[in-house]
Amino acid sequence: MGALDDVRAYVERVAAPALAAAAPDLWPRVACGLVGNGSECLGLDDGLSRDHDWGIDFYLWVLDEDADQVPRLERLKAKLMLEHPPAHVRATSEFGVGPRVMTVSAFYTELIGRADVPVGWRSWRAIPEENLLLATNGAVFVDGPGVFSAVRAGLLGYYPRDLWLKRMAARCMALAQTGQYNLARMEARGDVVAVNQTLARFIDEAEQLTFLLNRAYRPYYKWAWRMLCELPVLGSQVGELLRRLVGAAGDREGRQCLADEVCALLLGELRRQGLVTTGDWFLATAGVELQGLIEDPVLRAVPPQYD
């Protein structure tokens, strides 16, 4: 059973009943879950995670009008964890996450810079993608008022279509430049540093486009490949090709073939989703076609290679 399941079990069996009994006036207005910073919120904790911020813990979120109740909830939670300790008590490092009792507004503002769902592509564009994942990962176990879950649902609705198209266009342009054009040129020059920089950027762009095609937010870089492999659309295929690409050092021809195969898969999915019609292998052509689908004139005027 993973860390997220462990937390859910503890909340459902121990924490929720105890807090409901201790604060019957407040508990119906509280949301409880595990969402936010930390690999445990992504369900990715493992044995290596035990060296920092590891163990069972959960968030409590109150409505803005109940902000004065945060200290009370903190005391009740601390008492609960002391009297009914979970199997693995969470120890926090000096670089760990902050308080886990807060208002709904404070939680979302800390992660995405606002307390509500962004409106329009400009507002969405200003939020780092990994922060959108941090605001929507994990699970919500209890939410009587539904306010926390309503913002969460809005964020999970994903980018506005124009911004989605723009970001895919930029990814296509970058994949064409790195894997389809510059990789072989840097190899031919014997510039090993530039080769590795090109490969790193190609991998990053391929991951980003795969997440975009799944309408899913990409995480912090160290978890990107692991989560990529679990995506339903091309995740396992692209993930395996990228793994082989990294392991193909010294095999110029093989490495180029793997990069081309990644691009062919991504182009095929763009075509399957009805986003492009081009059969041109060079992904820059697909990038220009995606750019042309953008309705907003301001965003459409931004060159396709720019996000």
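Things worth noting here:
- The Cβ shell under 11 Å around ARG300 holds other residues with a net charge of -2, Lys and Arg each +1, Asp and Glu each -1.
- Among THR136, THR198, THR210, residue whose mean-square fluctuation peaks in a GNM of the chain (springs only between Cα atoms under 10 Å): THR198
- FRET efficiency estimate (nearest 0.05) - Cβ-Cβ, ARG72 to ARG244, R0 41 angstrom: 0.15
- Using the Cβ-Cβ distance between VAL140 and ALA264 with R0 = 35 Å, the FRET efficiency computed as 1/(1 + (r/R0)^6) comes to roughly 0.35.
- Within the chain, antiparallel bridges make up roughly 70 percent of the DSSP beta bridges whose residues both belong there.
- Contour excess over end-to-end distance, with Cα ends at ARG271 and ARG185 and 0.36 nm allotted per residue: 28.1 nm
- Solvent exposure of the chain amounts to 47 Å² per residue of accessible area, where only protein heavy atoms count and the probe is 1.4 Å.
- The distance between label points at ASP5 and ASP280 comes to 4.9 nm (points 7 Å beyond Cα on the Cα→Cβ vector).
- Listed residues ASP260, ASP143, ASP25, most fluctuating in the chain (Gaussian network, C-alpha, under 10 Å): ASP25
- Two-site label geometry, ARG300 and LEU80: point separation in nm, points 7 Å out along Cα→Cβ: 5.2
- Projected label points at GLU12 and VAL119, each 7 Å from Cα along the beta carbon direction, are separated by 3.8 nanometres.
- Matching label, Cα extents along the principal axes in Å computed from the structure shown, candidates (i) 85, 41, 31; (ii) 58, 45, 33; (iii) 68, 44, 31: (iii)
- Full extension of the chain segment joining TYR220 with ASP307 gains 29.5 nm, where the gain is 0.36 nm per residue of separation less the Cα-Cα distance.
- Accessible carbon and sulfur surface of region 107-165 relative to its total accessible area, %, 1.4 Å: 54
- Here's the picture: a label point sits 7 Å out from the Cα of ASP64 along the beta-carbon direction, and within region 127-162 the residues with their amide nitrogen under 16 Å of it are 146-152.
The values are calculated or read from the model by the stated rules, or taken from the named source; none is laboratory data. Since the model is a prediction, treat every value here as computed from it, not as a measurement. Cβ: placed from backbone, ideal geometry, glycine included. Neighbour counts: every protein chain shown. Ligands, DNA and RNA are excluded from the accessible area calculation, which covers all protein heavy atoms including side chains. Shrake-Rupley method; radii C 1.70, N 1.55, O 1.52, S 1.80 Å.
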